[in-house]
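These notes concern the structure reproduced below.
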Amino acid sequence: PLRARLARASAVRREHGFAFALDGTLLTGIVDVLAEEPAGVRLVVDYKTDRVEPGTDLEAYVAAHYAVQQRVYALAVLRAGAERVDVAYAFLERPEQPVLAAFAAAGAGRLEDQVRVLAAGPLGGCYPVTDRPHRDLCLTCPGRRALCSHPEEMTLRASPG
């Protein structure tokens, strides 16, 4: 379903960077795909390589694991001038079942409030170290080698389950 939307899009950007401030904190990131669709709609696609069991409810999984990311992506696109953005998660193990959420510019204030609540710790300068380090969590952490209190054999080990 996402492939068809991307094929119809007037512009498609891969690895598209963004940055915006929220309460004095600069939020930056890169979306896998940003597509411009008719009528001011933008489509963000985030490809996920997570291992998900066949019976996993993908909408609940996204809500549990990617709520902050989803809202930050939506805010970034809305603040760039879009009237509406659809944020899609495409799990490579189940590409026929993308998880989509639509956000409108009129709801940007509510999105900001949700990010403030969901990311209160990091937005407030609190960056606790996990008590269960593993490769899936730690590999891309910018502080893994220089700042982390866990040894590299812990941060690069397989997920403890």
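Descriptive notes on the structure:
- Computed from backbone phi, the HN-Hα couplings of segment 79-85 come to 5, 7, x, 6, 7, 8, 9 Hz, rounded to whole numbers (Karplus: 6.51 cos²θ - 1.76 cosθ + 1.60, θ = phi - 60°; Gly and Pro given as x).
- 3J(HN,Hα) from dihedral phi, segment 107-114, Karplus parametrisation 6.51/-1.76/1.60, rounded to Hz, x for glycine, proline: x, 4, x, 5, 4, 4, 4, 5
- Legend: residues TYR127, TYR66, TYR47, TYR73, sorted from most to least accessible area (1.4 Å probe; ligands, DNA and RNA excluded), read TYR127, TYR47, TYR66, TYR73.
- One decimal place: the segment ALA19-CYS148 gains 43.9 nm when fully extended, by the rule 0.36 nm per residue minus the C-alpha distance.
- TYR127-ARG51 pseudo-label distance in nm [points 7 Å out on the Cα-to-Cβ vector]: 2.9
- Accessible-area value, ARG13, 1.4 Å probe, nucleic acids and ligands omitted, Å²: 90
- Top of ALA119, ALA35, ALA11 by mean-square fluctuation, Gaussian network on the chain, Cα under 10 Å: ALA11
- Relative contact order of segment 21-161: 19 percent, from C-alpha pairs under 8 Å at least 6 residues apart in sequence.
- The helix-based estimate of mean residue ellipticity at 222 nm for the chain, built from -39,500 (n - 2.57) per DSSP H run of four or more residues and divided by its residue count, is -8000 deg cm²/dmol to the nearest 500.
- Counted residue by residue at 0.36 nm each, then reduced by the alpha carbon distance between them, the extension gain from ALA39 to THR140 reaches 32.7 nm.
- A crude spin-label estimate for the pair ARG94 and ALA158, with each label 7 Å from Cα along the Cβ direction, gives 2.3 nm.
- This structure gives mean projected area of the Cα convex hull in nm², computed directly, and of [x] 8.7; [y] 11.0; [z] 10.4 that value is listed as [z].
- Among VAL33, VAL77, VAL87: highest mean-square fluctuation, GNM of the chain, C-alpha pairs under 10 Å: VAL33
- Whole-Hz ³J(HN,Hα) from phi, Karplus 6.51 cos²θ - 1.76 cosθ + 1.60, for segment 49-56, glycine and proline x: 9, 3, 7, 10, 5, x, x, 5
- Residue ranking by accessible heavy-atom surface, 1.4 Å probe, largest first, among GLU37, GLU59 comes out as GLU59, GLU37.
The values are calculated or read from the model by the stated rules, or taken from the named source; none is laboratory data. Since we're looking at a predicted model, the values are computed, not measured. All Cβ positions, glycine included, derive from the backbone under ideal geometry; neighbour counts span all protein chains shown. Ligands, DNA and RNA are stripped out before the accessible areas are found, and what is left, the full protein with its side chains, is counted by its heavy atoms. Shrake-Rupley method; radii C 1.70, N 1.55, O 1.52, S 1.80 Å.
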